[in-house]
1. Loop-only GluC sites (Glu not before Pro) in region 425-512, please: DSSP not H, G, I, E or B, and at most 14 other Cβ atoms within 10 Å.
2. Specify the inter-centroid distance of region 212-241 and region 79-130, based on alpha-carbon positions, in whole Å.
3. Would you work out if the chain is rounded, prolate or oblate? Take a ≥ b ≥ c from the square roots of the eigenvalues of the alpha-carbon gyration tensor; rounded if a/c is under 1.5, else prolate when a/b is larger than b/c, oblate otherwise.
4. Per residue of region 445-460, in order, report the coupling 6.51 cos²θ - 1.76 cosθ + 1.60 (Karplus, θ = phi - 60°) as ³J(HN,Hα) in whole Hz, putting x for Gly and Pro.
5. To the nearest 20 debye, what is the magnitude of the charge dipole of the chain about its Cα centre, counting +1 on the Cβ of each Lys and Arg and -1 on the Cβ of each Asp and Glu?
6. Under 4.7 Å Cβ to Cβ, no partner at all: give me those cysteines from the chain, in residue order.
7. By how many degrees, between 0 and 90 and to the nearest 10, does the Cα long axis of helix 200-215 differ from the longest principal axis of the chain?
8. With a cut-off of at most 16 other beta carbons within 10 Å, and DSSP calling the residue loop, which GluC sites (Glu not before Pro) in region 234-342 qualify? Please list them.
Amino acid sequence: MKAEETTATSSTPPFPPEGSTTEHTLRIEETTLSYQAKTAWLTLRRIHKPIAHVFHTAYVADAPSPSRPLTFVFNGGPGAASAFLHMGALGPQRVAFDVQGTIPKPPAQIQDNLETWLAFTDLVFIDPLGTGFSRAIREEPSAPSPSSSSNGGNSSEAPHENTDFWEIERDLQSLGDFMCRYLSQHHRWTSPLFIAGESYGGFRVAKMARKLQEEHGIGLSGALLISPAIEFDGIFGSDYNLTHWIELFPSLVATAFQHGVARLPETATTVEDAYQQAIQFATSELASLLVSGESLPDAKRSEIFATMSAMTGLPQDMVVRSGGRLDTNTFCRELLREKRQFCGRYDGSVTAVDPFPDRTDYAGPDPTLFSIDRLFTAAINDQLRHRLHLQTDLDYRLLSMDVFKDWKDSTADHVFRKVVGAMDDLRYGMSLNEHMRVFISHGYFDLITPSFSSQRLVEHMKLTDSQRQQLLLRNYPGGHMFYSWDESRTAFRDDATAFYADACAATQLAST
């Protein structure tokens, strides 16, 4: 039985443990960066009663100043710990990938991260409740019922997970409460404050751009959405909606171009060229096909199908059978099938050998997401337990499928309520705070949260000219975790450096 699942006894270690504090230096080019690393659990309370212990890792530069930016960082899932951004892109150490994001052979290698954001902001990596080492406090088991006594009395005392925080609003509330407590404990209320989240974490950021400022009194200098899922009605496709297929198509073409199988109407020398051609086609010809359905003349339908086949590298008969609705699973299985390769859904540029090529449905591994678990599991455990000297018997939950499967939306009080989204909250937050800057970033080959989705949504935000200047959109070579590519991680760091400088300059100007 896992240590965290045992019932309390006199020999059970106290929870939460003490955490750790260590001092470090990092050499970046000609500069030596000195910083303190602190791991700890912060207790959330309802009135006076503890209800949860949120684990976090904070990196703070020596001689901390209230004017130095502070960024709260989390991942998504829901059910993902912060280890992906922590050990993949932003922290002072990172796990090594191959140059273009492919997975190296074991064992995992940890190295100094020369692109760490600690160079320009202090960092607090938060593990949402149910992930990492963060745990909600269980209610005491009730007294055994007569029926339970008859079978040994074990049913009421069996360990069980507290899932109260596995829900959209309570999750957001717990993160906001954590940030307030952290700012108070460390006297950082007057620092320039930023939030950064990846994937579903981007959804969290969009929601919290409003919630933090309106309910918690936390003024934000900037909000960063990394490979975000913002509006969920565009994430899933059907025969009857349009947005999913239009938003996905440019990423399919960019992936086909990366593999050298795309045949484009015009000469394309870069993936950006291919991507822009695909957007033009998707918003005109493909949109016309999807809107018109069977009413579109056969000759025009055939012309569109032929172009889609050429741009994506898929056989034309396959495109015809799909009716122009090319789904991710089919694309990943069929694009390089002659080579027995399956493209990753989270990064279409990464491939795996199809172990069962004669089966109708793909039954092999996706070369992304779960395939990288071994890298990040090793990296975060080595970082916390070895380098940062944290002592705990808990298992670090990198990606909890229990949290993902049990995630709830308590505001969905009617069957006809629209699919949940967060863009309204981001728009509201930008109106609430005219100085808050927004940075949305994606990878070209991400087939889960396609980059054109965010671009299209931004064009529908009704921003003023001044608001539009506050919002930055950037795409990079790579997939969902585009920062696993060396060139993209460097470019992302450079863009973030400029973004923080602009946001902090705007904050200082507003205060004078």
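Quick note: the coordinates plus some simple rules give every number you see, no bench work behind them. A quick note: this is a predicted structure, and the numbers were derived from the prediction, not measured. As a convention, Cβ positions derive from the backbone with ideal geometry for all residues, glycine included, and neighbour counts pool all protein chains shown.
1. On the way: sites: Glu434, Glu459, Glu487; in loops: Glu434, Glu459.
Passing sites in region 425-512 are Glu434, Glu459.
2. The distance from the Cα centre of region 212-241 to that of region 79-130 comes to 23 Å.
3. Values: a/c = 1.62, a/b = 1.37, b/c = 1.19.
Prolate is the answer for the chain, as a/c is 1.5 or above and a/b outweighs b/c.
4. 9, 7, 9, 9, 10, x, 5, 5, 4, 5, 4, 5, 5, 4, 5, 10
5. In total the dipole reaches around 480 debye.
6. Cys180, Cys504, each lacking another Cys Cβ under 4.7 Å.
7. Taking Cα atoms only, the helix is inclined about 60 degrees.
8. Values: sites: Glu247, Glu266, Glu272, Glu285, Glu294, Glu303, Glu334, Glu338; in loops: Glu266.
Sparse-neighbourhood loop GluC sites (Glu not before Pro): Glu266.
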